[in-house]
């Protein structure tokens, strides 16, 4: 096994014989950055959540977009970008061997029109990104086939889920994480087939439960204590569902979770696999939030991948490397972003494109370099010449540098997983975007937010509410990092949901609520540990750091422990 020093953070990282065999197969050198720094570099090219309104560069109509008003290149609304009013080949350029590839790609990237955001076949879901086939969704990303979902991420086939992360076939769910087929519940984490419950962790098939951990097929439990149906209903009826009451229940619930063991990773049905939030995988290493993936390593949000490395936000990939936002039957793609393609190199925003190099915004084209059309043989010859040039400049084998990202660092997903202050960003040579000052006319301060939904008038939708993080340390981070908007409004759909669920209004703005959910999830990094069950010596790779307070068991010991 080979060991290298990361050129960015200077940590040591291993390169296994299998890694080397993969690099040889796709003809790229071993990486110069460790897996964490490679991940950071990929997601520093990805804006999911930060929305703006600017005029379309073609039809001039206002459109919702992920590009701020200072973005120097053209941005087209979705109808115009997909329409016949422009030709991507008009932006062709010749390769200049006196310059570096990335220098030229940066110029090219900012010259070609970009699509405002990725949102297809959706109805009344203007503020959704990286999403498709949704109806009445608002402020959602990576969401598909869902209805009436608000402020969510990775909602799949779900309805009326608000402030949730990673739900599948769920309905009427609030502030929940990684749930499958759950309904009419709030504050669930890592649960499946649960309903009419609040504050559950790793429960399966439970109904009418409050504050419980690790239960299987139970009803009428209260903080892991079994109750008669009558006693449970009496206690539940006595709940006022005020903000303060729920905060106290949350503190009691979190204290309970720290006294009970938990499995070293979240997932099931994996073979020879390491990571977290993983299901039905085989021979997968250091990978997070992946399902039905094989022979893949160092990836995140990578579903149905085969024989790949370093994937982020991908679906149905084969023999791909260092990708961000690539999917749907893609293969042999390297350092790229786009859908439905093959044999593409350093290409982004490509759709149904094959055999392209350095292209931006290519649709249904083959054998193009920097958006210029070539014949097959000419393309292959010129491609090898550019690769040789990139090897000389030491660019070949490296993903797009953060310095040339189309987004400011604090607009990207990197700010969520690798948060930096403005001074730190500027010092590293990355871009930072200061949004115009928000002079909101706050009409309700944080301390005056109604304490329960029963005390909340319908006129609340007309109010501007102060985010409580402005005056407290509740999230223990600066507004720079959390991207706090300082104030927020309640939409009519949101108010209807809170009434239906008998839940009080939130006290935090959307970005702060999202940041709080993210902090509940373990880091996307692994540590080697031993099972904490007395008498067990099983070892494993886990995302629980040794300093964490949780009691961490191996899978066998945990399975024997759950009720």
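Give the relative contact order (percent, whole number) for the chain; include only Cα pairs under 8 Å separated by 6+ residues.
About 11 percent, as a whole number.
Using a Förster distance of 35 Å, how high is the FRET efficiency between residue 156 and residue 98, based on the Cβ-Cβ distance and rounded to 0.05?
Result of the calculation: an efficiency of 0.10.
Would you report the distance distribution of C-alpha pairs in segment 85-134 as whole percents per 5 angstrom bin, up to the bin with the largest distance?
5, 16, 19, 13, 13, 14, 10, 7, 3, 1
Going by Cα centres, segment 1-21 and segment 506-524 are how many Å apart?
Their Cα centres are 33 Å away from one another.
7 Å from Cα along Cα→Cβ at both residue 428 and residue 136: what's the point-to-point distance in nm?
Once both label points are built, they end up 4.1 nm from each other.
Taking only Cα atoms, what is the 0 to 90° angle, nearest 10, from helix 17-26's long axis to the longest principal axis of the chain?
50 degrees
Please report 202, 447, 19 as a ranked list, fewest other C-beta atoms within 10 angstrom at the top and most at the bottom.
447, 19, 202
Which of 508, 323, 345 has the fewest other C-beta atoms within 10 Å, and how do the rest follow up to the most?
Fewest to most other Cβ atoms nearby, the residues stand as 345, 508, 323.
Please label the shape of segment 285-333 as rounded, prolate or oblate, based on the square roots a ≥ b ≥ c of the eigenvalues of the alpha-carbon gyration tensor (a/c under 1.5 means rounded; beyond that, a/b larger than b/c means prolate, else oblate).
Rounded is the answer for segment 285-333, as its axis ratio a/c remains below 1.5.
I want to check the label-to-label distance for residue 442 and residue 238. Put each point 7 Å from Cα in the C-beta direction and report it in nm to one decimal.
Going by the 7 Å Cα→Cβ label model, 3.6 nm.
Helix-derived [θ] at 222 nm for the chain: sum -39500 (n - 2.57) over DSSP H runs of at least 4, divide by residue count, nearest 500?
After summing the helix terms and dividing by the residues of the chain, the value is -6000 deg cm²/dmol.
Tell me the angle of helix 229-238 to the major Cα principal axis of the chain, expressed in degrees between 0 and 90 and rounded to the nearest ten.
On a 0 to 90 degree scale, this one is about 80.
For the residues 426, 333, 449, what sequence is obtained by ranking on other C-beta atoms within 10 Å, fewest first?
The fewest-first ordering by Cβ neighbours comes to 426, 449, 333.
Given points 7 Å out from each Cα along the Cα-Cβ axis, report the residue 269 to residue 461 separation in nanometres with one decimal.
4.2 nm
Take the Cα of residue 89, step 7 Å along the line toward its Cβ, and report every residue of segment 359-391 whose backbone nitrogen sits under 16 Å from that point.
359-379
With r as the distance between the Cβ atoms of residue 532 and residue 120 and R0 = 56 Å, compute the FRET efficiency 1/(1 + (r/R0)^6) and round to 0.05.
For residue 120 and residue 532, the calculated efficiency is 0.75.
Distance from the Cα centre of segment 342-381 to that of segment 223-244, in angstrom?
Each part's Cα centre sits 61 Å from the other's.
Quick one, can you get me the convex hull of the C-alpha atoms of the chain expressed as volume per residue in Å³?
Enclosed volume per residue, from the Cα hull, is 149 Å³.
What angle, in degrees between 0 and 90 and rounded to the nearest 10, separates the Cα long axis of helix 492-501 from the longest principal axis of the Cα atoms of the chain?
40 degrees
Taken together, the values in this text are just the output of simple stated rules run on the coordinates, not laboratory data. If you're wondering where the values come from, they're calculated on a predicted model, not measured in any experiment. Note: ideal-geometry Cβ built from the backbone for every residue, glycine included; neighbour counts use all protein chains shown.
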